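Worksheet: one structure, shown below.
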Amino acid sequence: MGTLNVNGKQVSVNVEDDMPLLWVLRDELGMTGTKYGCGIAMCGACTVHIDGKPVRSCVMPVSAVTGKVITIEGLSKDGSHPVQKAWVKLQVPQCGYCQSGMIMAAAALLKEVKNPSDAQINDAMSNICRCGTYARVREAIHLVAKSA
């Protein structure tokens with residue numbers, strides 16, 4: 001393979017070209033904040049940003065990655081991103097497993113749309129949460145939009 005830009009750092013990886021980005025992040029780079037969910041890009045637990053766009057890393061071959069990768073670890077070092085703060089304030093997570101992907105999807109949405117409607121949130125937040133925290137996710141996104 002070669003080098004990747006992950007969370008602002010150039011990293012070298014020596015893996016097969018078809019290895020999913022998720023496994024490079026977790027197994028090769030030790031960044032376990034991005035979660036494995038379904039493995040078929042349906043649930044969104046593995047969402048990261050590539051050049052600011054949300055991407056399901058479980059199906060993204062590392063050889064296809066040409067932009068800057070941001071993981072949940074890179075969103076903020078201390079949990080101070082506005083979306084993370086809103087998640088804590090409104091106690092969005094229940095089990096929490098899907099929440100890093102949810103936060104990454106919400107951050108990407110709010111970067112594109114400063115004050116999204118419920119319909120825009122529903123369209124953008126295609127992540128699946130087994131605990132059903134969708135109402136609190138929507139409330140947290142609105143909280144961040146109002147605070148900006």
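The values are calculated or read from the model by the stated rules, or taken from the named source; none is laboratory data. Because the structure is predicted, anything quoted here is derived from the model rather than measured. Heads up, the Cβs are rebuilt from the backbone with ideal geometry, glycines too, and the neighbour counts pull from every protein chain shown. Side chains are part of the model used for accessible areas, which takes the heavy atoms of the whole protein and leaves out ligands, DNA and RNA. Shrake-Rupley method; radii C 1.70, N 1.55, O 1.52, S 1.80 Å.
Some values worked out for this structure:
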{"read-out": "Single residue of Glu139, Glu112 found to be free of Cβ contacts under 8 Å to residues at least 60 places away in the same chain, within 24 Å of Asp51 (Cβ to Cβ) and open to solvent by 80 Å² or more (accessible area, probe 1.4 Å)", "value": "Glu112"}
{"read-out": "Within the stretch 30-57, tally of residues that are over 10 Å from Val69 (Cβ atoms), open to solvent by 40 Å² or more (accessible area, probe 1.4 Å) and either among the hydrophobic types (A, V, I, L, M, F, W, C) or in a loop (DSSP other than H, G, I, E, B) (or both)", "value": "7"}
{"read-out": "Residue within the stretch 43-52 that is free of Cβ contacts under 8 Å to residues at least 40 places away in the same chain and in contact with a Lys or Arg (Cβ under 9 Å, 6 or more places away or on another chain) present", "value": "yes"}
{"read-out": "Top-ranked residue of the stretch 88-101 - restricted to ones that are in contact with a helix residue (DSSP H, G or I) (Cβ under 7 Å, 6 or more places away or on another chain) and aliphatic (A, V, I, L, M), ranked as nearest to Arg26 (Cα to Cα)", "value": "Val92"}
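For (1) over 21 Å from Leu22 (Cα atoms); (2) out of contact with any helix residue (DSSP H, G or I) (no Cβ under 7 Å at 6 or more places or on another chain); (3) aliphatic (A, V, I, L, M), each residue gets a yes or a no:
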position: Thr71; (1), (2), (3): no, no, no
position: Ser80; (1), (2), (3): yes, yes, no
position: Ala86; (1), (2), (3): yes, no, yes
position: Ile103; (1), (2), (3): no, no, yes
position: Ala119; (1), (2), (3): yes, yes, yes
